[in-house]
Amino acid sequence: MVCILISSLLLAVKDFEDKDSTSTRNRSIDIVQKIFTIIFALESILKMVVMGVVVHQHSYFRTVWNIIDFFVVFTGLMEFSSS
């Protein structure tokens, strides 16, 4: 929860007018956001390993919140790979 809160706060203070991240603040925020994306991806992978992916009744993709979480993480990884 702390990581989500910090990540959300960083999005709130980012200057979206600076599209190329020329400011030091935006470059720093971009680096920290990439670190959080990796943390969130590792969390999803660990949950899949522990809970199972689909087969069991309580597996990862049988919970709507986990599906939403995966979609958000996957989107972040796609943005991460495009930069």
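The values are calculated or read from the model by the stated rules, or taken from the named source; none is laboratory data. On a predicted model such as this, the values are computed, not experimentally measured, just so you know. No Cβ is skipped: glycine too gets one built from the backbone with ideal geometry, and neighbour counts run over all protein chains shown.
Tabulated data for the structure shown
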| read-out | value |
| --- | --- |
| Filter result for Lys14 (surrounded by 12 or more Cβ atoms within 10 Å (Cβ to Cβ) and in contact (Cβ under 8 Å) with a residue 40 or more places away in the chain) | no |
| Scan of segment 37-65 for residues that are closer than 23 Å to Leu10 by Cα and crowded, with 16+ Cβ neighbours inside 10 Å, ordered by number | Thr37, Phe40, Ala41, Ser44 |
| Scope segment 36-62; condition over 18 Å from the mean Cα position of the chain (by Cα) and polar (S, T, N, Q); matching residues | Gln57, Ser59 |
| Test: Ser44 is at pLDDT below 90, among the small types (Gly, Ala, Ser), closer than 19 Å to Phe80 by Cβ and out of contact with any Leu (no Cβ under 9 Å at 6 or more places or on another chain) | no |
| Looking only at segment 67-81, and only at residues there that are among the aromatic types (Phe, Trp, Tyr) and under 16 Å from Leu46 (Cβ atoms), the one that is surrounded by the most Cβ atoms within 10 Å (Cβ to Cβ) | Phe70 |
| Every residue from segment 6-24 that is β-branched (Val, Ile, Thr) and not in a helix (DSSP H, G or I) | Thr22 |
| Contacts under 7 angstrom Cβ, first residue in segment 17-36 being under 23 Å from Ile4 (Cα atoms), partner surrounded by fewer than 12 Cβ atoms within 10 Å (Cβ to Cβ) and of a type in the set (Ser, Thr, Tyr), 6 or more apart | none |
